[in-house]
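Worksheet: the structure to be examined is printed underneath.
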């Protein structure tokens with residue numbers, strides 16, 4: 001019986017891992033996500049040519065850190081805590097590059113996007129059951 005449970009667990013885990021990999025692939029690679037974020041920032045915040053390079057590098061680095069965090073060991077709570085810390089660190093780096101007006105606009109637009117994602121997640125949760 002023990003071998004059966006172990007086998008069932010392994011099969012279930014492999015399905016979960018494959019599904020998670022497909023979900024991550026659907027949102028793109030770290031470089032693709034970083035490029036989309038940078039493009040959004042260029043259009044929304046009207047970045048100067050001097051800002052684009054450093055902002056691109058910051059977005060690329062933090063997108064890769066998010067991928068690394070996603071695949072790392074640890075509890076969901078630990079990963080969420082680390083993701084939040086990474087987000088604060090990224091904001092601190094961006095604040096050094098953005099003008100005050102750009103940073104204020106970035107924070108406001110980010111809050112709106114976060115609220116929209118929260119609403120989408122809540123709506124999706126309601127349709128699951």
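Every number here is computed from the coordinates shown, using simple stated rules; none is lab data. Here the structure is a predicted model, which means the values were calculated and not measured. Glycine also receives a Cβ, built like all others from the backbone with ideal geometry; neighbour counts cover every protein chain displayed.
With both labels modelled 7 Å from their Cα along Cα-to-Cβ, the residue 73 to residue 121 distance reads 2.6 nm.
Cα-based values for segment 68-115, radius of gyration first and Dmax second, are 13.3, 39 Å.
Taking 0.36 nm per residue of separation and subtracting the current Cα-Cα distance, fully stretching the chain between residue 113 and residue 32 would add 27.3 nm. Over all Cα atoms in segment 32-128, the spread is summed up by Rg and Dmax: 14.8, 46 Å.
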